[in-house]
Amino acid sequence: MKPAIRAILIWAVLGGAIAVPMAVAMTSPLLAWRDPIYIGAGVAGVVALALILVQPLLAGGYLPGLPLRRGRHVHRWTGSLLVAAVVAHVAGLWLTSPPDVIDALLFTSPTPFSAWGVVAMWALFAAALLAGLRWPLRIRPRFWRLGHSALVAVVVLGSVAHAMLVEGTMGTASKAVLCVLALMATAKALIDLRAWVLVRRLRS
């Protein structure tokens, strides 16, 4: 396959994987009687899930036109956007229903998707904090990669579980495709980065 055609296909698949769930969510009848803050919180959640797919693609240099070095530079900016999207998602839910958010944060909510979302959120904050402290604390690259990769794995698994358990606006099929692609992209990036090599060396 010619590089140009391959590049077009990759960007088309990525664009479709993000655009379709977003379109389904924005046109969902479940939003008919919701206030703008709740709708904004929902959109922020969809954006966050989309960025979870994009992040490993950038980190691994898999996107055409964004080789490894440039992709990782963009990865840092989209990581900040991901944190902002999650904060907006939680803040919007807090403004519309504070008791539900408190129950979720305290792991006392009766809905199982809440716990997965909270675990993923704290793992994301920890991954972002670790990324921000990498250079000031002079963390060795191997240890930083292992810690960041472990936290990212928790973020992705928790976010996918959270999204799939929520009966919300995204639609089951489009949501499932986005989640599967995020899992596949993350798994490939982690395998290629070989973060587990350090674990083997520490054991030996």
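What follows draws every value from the coordinates through simple rules; no lab data is involved. Since the model is a prediction, treat every value here as computed from it, not as a measurement. With ideal geometry, Cβ positions are generated from the backbone for all residues, glycine too; neighbour counts draw on all protein chains shown.
Brief remarks follow.
- Test item: Cα-centred dipole of region 1-99, Lys/Arg +1 and Asp/Glu -1 on Cβ, debye: 520 debye
- Quotient of Cα Rg and 2.2 N^0.38 Å for region 1-122, N being how many residues it contains: 1.25
- Loop sites in region 118-169: trypsin sites (Lys or Arg not before Pro), DSSP, at most 12 other Cβ within 10 Å: 138
- Using a Gaussian network model of the chain in which every pair of alpha carbons under 10 angstrom is joined by a spring, one finds that among 156, 24, 13 the greatest mean-square fluctuation is at 13.
- At full extension, residue 73 and residue 138 could sit 21.5 nm farther apart than now, given 0.36 nm per residue minus the alpha carbon distance.
- Nearest-ten-degree value, helix 36-59 long axis tilted from longest Cα axis of the chain: 10 degrees
- Net charge dipole, the chain: roughly 1500 debye, given to the nearest 20, about the Cα centre with Cβ charges of +1 for Lys and Arg and -1 for Asp and Glu.
- With the helix formula -39500 (n - 2.57) applied to DSSP H stretches of n ≥ 4, the chain reaches a computed 222 nm mean residue ellipticity of -27500 deg cm²/dmol.
- Between the helical axis of 68-96 and the longest alpha-carbon principal axis of the chain there is an angle of about 20 degrees.
- Each label was represented as a point 7 Å from its Cα along the Cα-to-Cβ direction; for residue 37 and residue 106 these points are 2.0 nm apart.
- For region 62-204, the normalised intensity computed at q = 0.14 Å⁻¹ comes to -0.78 (log10 of I(q)/I(0), Debye sum over alpha carbons, equal scatterers, no solvent).
- Of the chymotrypsin sites (Phe, Trp or Tyr not before Pro) in region 27-87, the ones in a loop by DSSP (not H, G, I, E or B) with at most 11 other beta carbons within 10 Å are 33.
- Taking 37 °C and 0.692 mPa s as conditions, region 1-40 diffuses translationally at an estimated 269 µm²/s according to Stokes-Einstein applied to its Kirkwood radius (Cα pairs).
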